[in-house]
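*Asks:* Would you mind keeping the following structure in view while I ask a few things?
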Protein chains: 2
Amino acid sequence: PSIGLIQSSRALCQSSRQISTTDTSSNKHVPTAPHFKTSETRKKRQAESEIDAHKQDASSSYGTRFNPYTMAHPIWSENEMDSVEITHRPPDGFVDWLAFIGVKTLRFGFDTLSGFSFGKRNEKKWINRIIFLETVAGVPGMVAAMTRHLHSLRRLKRDYGWIHTLLEEAENERMHLISALMVKKPSWFFRGCVLLTQGIFVNMFFVAYLISPRLCHRFVGYLEEEAVITYTKLLKDIDDGALPLWENMPAPDVAVAYWKLEDDANMRDMFRAIRADEAHHREVNHTLSSLKPDDENPFPPGQ
Amino acid sequence: PSIGLIQSSRALCQSSRQISTTDTSSNKHVPTAPHFKTSETRKKRQAESEIDAHKQDASSSYGTRFNPYTMAHPIWSENEMDSVEITHRPPDGFVDWLAFIGVKTLRFGFDTLSGFSFGKRNEKKWINRIIFLETVAGVPGMVAAMTRHLHSLRRLKRDYGWIHTLLEEAENERMHLISALMVKKPSWFFRGCVLLTQGIFVNMFFVAYLISPRLCHRFVGYLEEEAVITYTKLLKDIDDGALPLWENMPAPDVAVAYWKLEDDANMRDMFRAIRADEAHHREVNHTLSSLKPDDENPFPPGQ
Ligand SMILES: [Fe+2]
Ligand SMILES: [Fe+2]
Ligand SMILES: [Fe+2]
Ligand SMILES: [Fe+2]
């Protein structure tokens, strides 16, 4: 079937060369480019890819060298991934209710229109849903970061440290997307839906962020509550044997590199890491929503 | 006069606590949060600032802890800063000429309207010019980064590693601005001009970037050629004794921390670092302009 692992000739984020940092402290706390695993099995898989053509010595800084850089992001322990729970922050006041009802309405509409609510869920339904939602999920962080950056420039004020957290979220969501794309190439109809949705969502979110950052971060907080619900359901489907194709499928190289998964990581391991990311965004956005826009961002890089 | 060093109660980028990385290799090549100097003189200056109120132990990750994170960026050696030269890349083809004539026209118009071309240049004229130009300079990198990010999401394609370089440029320009703001608080009329200019420039640049990234990066490349000319002229004015107020004025703390200047760095040292940044943007943007949008970005983080 078409849900095979596309051999990642264009994989985003791998290199058999280690980034030369001497950092050895906890991955989670130090903002630095990720370290890439170089075990033999991985090396063999990578050798097959076109990426080799891009490889050059790290000392030559100009040229077509493949650049494996990603921003600081949490690397989850087994314990952290297992302890993710579905949570709900009760809406408090008009803005919160607006955000909450908005998200619930969108989820109901999307589940119905996409046919996800009906019939048996299989790998194809799941991957389409994930790809579509992640093309949306990458928007808020980037739009919010740009808005705050331009605000800092035009108001001649500092940013209070929010921008990096927003950019990290945006890149993290884009990595969810890129990882999912390694599993399936979407159809042209699907691509049209993605284009249309972005055209609407980017503009609405941008205008909303100019008016009320608080509303927007609360909205994302509730979206992420739904994302945790969705990925929890996906993990349950895998455990229940409803998605046999994915049970032993290895996680894409790009995902193994990005989340520093074990060499023999499978799809389930990847989705566990993604779910932990979503739970993290949930906390970040609910927290940012409760801050004033010129409060200090309490989140350090990669946390 | 009003061109004193405003004691930076809101300084962007200082902390008497060192970031806990064990990285000891060359600053320039490792993407990591900058290390902050903690000498006694600096500590004393910092102690006077409000920032102390924000300080908490690094181990408490949530709270109002002050966050000194900035992206990877080059730390210039004395030799690199001294060897910056005014250069010009001859336009080659219609798009290049359009960009070049655009920049030259804007510069002529701005020099005339702002009165910079007439009369004696002093500290006030200089700092107004710098603040204004840096509020513009921070726009292209962020708009280009957002455009490529959204493009990656909606076309379901990877980014080819451009985004981080564009974001680094945007933040770097914003740090130029924040550093200059430590020297002077602009007037309300000035602020109005900044608002108006951003309103026009962001929209024009965004539309232009959708149409021709090549034109936009060439445009920025030529802007940066002008920026190097401008800062070279400023350094010459300082050396000629035309700006006596700045001759022995210490560089703002935020600048010392960001560029890792010597503890006794003065305004001239700061402007030398800024000029080296501009020369770097010049090369980056001329290079990006000559690439196809899905060529691999040849610039590693912080370089
Ligand atoms: Fe996601
Ligand atoms: Fe998310
Ligand atoms: Fe600049
Ligand atoms: Fe610049």
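*Asks:* Which residues belonging to the stretch B:137-163 lose at least 40 Å² of 1.4 Å-probe accessible area when the assembly is complete, relative to their chain isolated?
*Replies:* B:M142, B:M146, B:H149, B:L150, B:L153, B:R154, B:L156, B:R158
*Asks:* Calculate the FRET efficiency for A:K236 and A:F201 from the Cβ-Cβ distance with a Förster distance of 25 Å, rounded to the nearest 0.05.
*Replies:* Efficiency, rounded to the nearest 0.05: 0.30.
*Asks:* 7 Å from Cα along Cα→Cβ at both A:I101 and B:R89: what's the point-to-point distance in nm?
*Replies:* Label at A:I101, label at B:R89, 5.3 nm between them.
*Asks:* Are any of the pairs A:K124/A:K233; A:K125/A:K260; A:K124/A:K185; B:K124/B:K185; B:K125/B:K236 more than 18 Å apart by Cα-Cα distance, and if so, which?
*Replies:* Violating the 18 Å limit, Cα to Cα: A:K125/A:K260.
*Asks:* So, one more: Calculated FRET efficiency, B:E283 and B:I229, Cβ-Cβ r, R0 22 Å, to nearest 0.05?
*Replies:* For B:E283 and B:I229, the calculated efficiency is 0.90.
*Asks:* FRET efficiency for B:F118 and A:I211, Cβ-Cβ distance as r, R0 = 45 Å, nearest 0.05?
*Replies:* Numbers: r = 43 Å, r/R0 = 0.95.
With R0 = 45 Å, the Cβ-Cβ based efficiency is 0.60.
*Asks:* Taking 0.36 nm per residue of separation and subtracting the Cα-Cα distance, what length does fully extending B:D295 through B:N79 add?
*Replies:* 74.6 nm
*Asks:* With the crude spin-label approximation of a point 7 Å out along Cα→Cβ, what separation in nm comes out for B:E247 versus A:N266?
*Replies:* 7.6
*Asks:* Next question, about the same structure. Give me, ordered by chain and number, the residues 5 or more places off A:N266 or on other chains with an amide H under 5 Å from its own placed amide H.
*Replies:* A:A251
*Asks:* Which residues does a label at A:F190 reach in the stretch A:121-145, if reach means a backbone N under 20 Å from a point 7 Å past the Cα toward the Cβ?
*Replies:* A:121-139, by backbone N distance to the label point.
The values are calculated or read from the model by the stated rules, or taken from the named source; none is laboratory data. All values derive from a computational prediction rather than experimental measurement. Counting neighbours? That spans all protein chains shown, and the Cβs are built from the backbone with ideal geometry, glycine included. For the accessible areas, the whole protein counts, side chains as well, though only heavy atoms, and no ligand, DNA or RNA atoms are used. Shrake-Rupley method; radii C 1.70, N 1.55, O 1.52, S 1.80 Å.
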